[in-house]
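Just below is one structure, and these are the notes that go with it.
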Amino acid sequence: MEKKRQQFESIDEYIHSFPEPIQKKLEELREVIKEQAPQAQEKISYQIPTFFLNGNLVHFAAYSKHIGFYPTPSGIDAFKSEISKYKNAKGSVQFPIEEPLPIELIKKIVKFRVEESINKKKR
């Protein structure tokens, strides 16, 4: 299900390239990010959906078995204990495709990243 070869112009185009059940998860994730970061710009970066606020805020992508969420290493470190039940790495966490998205956790991570981004700009 990963879309490596296709070149996407917009997040809508990216989302619509997946089957409907995956589209719903991606749209849900997108809406949660938009609610927490209304000032962020949407764009495609690295051929995946990205929210940009004084730099890359968060990215997300769909794969065959998970939704990848990329809140940078600081976003992972700040919530290490809460994301420990999911497969994760330095700057990413994988939410299994067959489970509901952990909306409250995603909200907290995005909020953290927004504050971090705003503080970065102030410096």
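When the alpha carbon gyration tensor of the range 36-90 is reduced to an equivalent ellipsoid, the three semi-axes, largest first, read 20, 15, 9 Å. Taking every DSSP helix (H) stretch of at least 4 residues in the chain, weighting each as -39,500 (n - 2.57) and dividing the sum by the residue count yields a mean residue ellipticity at 222 nm of -13000 deg cm²/dmol.
Working ranking of peptides 48-58, 84-94, 101-111 by packing, defined as the average number of other Cβ atoms within 10 Å per residue, highest first, is 48-58, 101-111, 84-94. In order along the range 55-64, the phi-based Karplus estimate (6.51 cos²θ - 1.76 cosθ + 1.60, θ = phi - 60°) of 3J(HN,Hα) comes to x, 5, 8, 8, 10, 8, 7, 9, 9, 5 Hz; Gly and Pro are listed as x. For the range 1-66, just say rounded, prolate or oblate: build the C-alpha gyration tensor, square-root its eigenvalues into a ≥ b ≥ c, call rounded for a/c under 1.5, and beyond that prolate if a/b exceeds b/c, oblate if not. The shape class here is oblate.
Shape analysis of the chain places it in the oblate category; the axes a ≥ b ≥ c from the Cα gyration tensor give an a/c of at least 1.5, with a/b not above b/c. When only Cα pairs below 8 angstrom with a gap of at least 6 residues are kept, the range 11-116 shows a relative contact order of 25 percent.
Where a number appears in this text, it was derived from the coordinates with a stated rule and is not lab data. The shown structure was predicted, so the numbers you read here are calculated from the model rather than taken from an experiment. Quick reminder, even Gly has a Cβ in these numbers, built from the backbone with ideal geometry, and neighbours come from all protein chains shown.
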